[in-house]
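Got a structure here, written out as structure tokens. Questions coming.
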Amino acid sequence: AFDVLVIGGGPAGAAAAIYAARKGIRTGVVAERFGGQVLDTLGIENFISVQHTEGPKLAAQLEQHVKEYDVDIMNLQEAVRLIPGGTTGLHEVKLKSGASVRGKTVILSTGARWRQMGVPGEEEYRNKGVAYCPHCDGPLFKGKRVAVIGGGNSGVEAAIDLAGLVTHVTLIEFDSELRADAVLQKKLRSLPNVTIITSALTTEVLGNGERVVGLRYRDRGSDDEHVVELEGIFVQIGLIPNTEWLDGAIALSNRGEIEVDARAATSQPGIFAAGDVTTVPYKQIVIAMGQGSTAALSAFDHLIRSEG
Ligand code: FAD
């Protein structure tokens, strides 16, 4: 069995593996796709001390760094079930292949995925105007026009944030009213460069072959189609944590995120969690890495206290 078994090979899992391996303990990483969301990212400009990098390059460097240590990387393996071992037993993780891996401690870092609109052009223009993270890509649209899709808290927060950076923001909500907190809605409505469109279903991302040039939406009242000319579209209709496979094994929030405390501990002794899959506020690479490191140090602390 591993001393520390990490499930997930994104920034959180990579950081956890490095911190654990540096304690000289048996460390394994199971990952469906080593690199995680970073693989789907183009420019990264907020990975502190690195002015600019690109997702696939950072993902390769994460893997190289982990491989500097004696870490057993089980890539292209999907975890399908967690069986906690309680206070004394080994924790078991079943893989889709039928195999099982065990750990004295486990760190869950299976990340999250952005809910997509599923309309023509969205996939084609991803990273070419279609974006999901205002903290990451907002500054790229300075002086341009953007839309935010979604009028919940994250959509309205994104629209307020972007309004300070870009020329104009169109907020598009499917429902007949925004669902964000009243204080956010009030702030949004006070901004001069924001247009709010409700009862609107986005039907297509329009592009010129290279970049986004607009979006098409249908007015759900009149059924009329409209086109908004713009350069960017931020999709804010939900971030879904990859916790379906945990099914009752540990405590999740009402949004399906793994509940963790400041030490990255979950509801099960010896099981820790880090990154976008957890209740940690703000989903970012540096935050996932920081929490991954915390989880590994907590796992080590757990090991030295439980072995006698
Ligand atoms: P993830 O990166 O999601 O990694 C999860 C890992 O778990 C993957 O290896 C995955 O394959 C694996 N996994 C999932 N389920 C299972 C399973 N059942 N069994 C085994 N393995 C599993 N952040 C920034 O800081 N700056 C940016 O510029 C930036 N740009 C972004 C652009 C895009 C398009 C996207 C999508 C995200 C961006 N982010 C950015 C956010 C950032 O990528 C995430 O916050 C970060 O990757 C979270 O790391 P993580 O390790 O928690 O999860």
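Can you find, within region 74-106, the residue that is farthest from the chain's Cα centre (by Cα) among those that are among the β-branched types (Val, Ile, Thr) and surrounded by fewer than 17 Cβ atoms within 10 Å (Cβ to Cβ)?
Thr88
For region 281-298, state whether one or more residues are assigned to a loop (DSSP other than H, G, I, E, B), within 9 Å of the ligand (Cβ to nearest atom), crowded, with 17+ Cβ neighbours inside 10 Å and not polar (S, T, N, Q).
yes
Mind checking which pairs have a first residue in region 219-245 that is over 18 Å from Asn208 (Cα atoms) and part of a strand (DSSP E or B) and a second that is within 16 Å of the ligand (Cβ to nearest atom) and among the acidic types (Asp, Glu), Cβ under 6 Å, 6 or more apart or different chains?
Pro241/Glu257
Could you check, for region 94-105, whether at least one of its residues is among the small types (Gly, Ala, Ser) and either closer than 24 Å to Gln116 by Cβ or touching a helix residue (DSSP H, G or I) at 6+ places or on another chain (Cβ under 7 Å) (or both)?
no
Follow-up. Could you run through region 252-274 and say how many residues are outside any strand (DSSP E or B) and under 18 Å from Ile240 (Cβ atoms)?
8
Going by the structure shown, is Ile271 away from the ligand (no atom under 12 Å from the Cβ), without any contact (Cβ under 8 Å) to a residue 12 or more places away in the chain and farther than 14 Å from Gln37 by Cβ?
Taking the combined requirement at face value, the residue does not satisfy it.
Could you check region 1-52 and list, in sequence order, the residues that are assigned to a loop (DSSP other than H, G, I, E, B) and within 7 Å of the ligand (Cβ to nearest atom)?
Passing the criteria: Gly8, Gly9, Gly10, Glu32, Arg33, Phe34, Gly35, Thr41, Glu45, Asn46.
Being in contact with a Gly (Cβ under 9 Å, 6 or more places away or on another chain), in contact (Cβ under 8 Å) with a residue 60 or more places away in the chain and within 16 Å of the ligand (Cβ to nearest atom), is that true of even one residue in region 160-171?
yes
Exactly one of these conditions fails for Glu92: (1) under 16 Å from Leu5 (Cα atoms); (2) out of contact with any strand residue (DSSP E or B) (no Cβ under 6 Å at 6 or more places or on another chain); (3) without any contact (Cβ under 8 Å) to a residue 60 or more places away in the chain. Give me its number.
(2)
Every number here is computed from the coordinates shown, using simple stated rules; none is lab data. Owing to the predicted nature of the structure, the values given are computational and were not obtained by experimental measurement. When we count neighbours, we look across all protein chains shown, and the Cβ atoms used for this are built from the backbone with ideal geometry, even at glycine.
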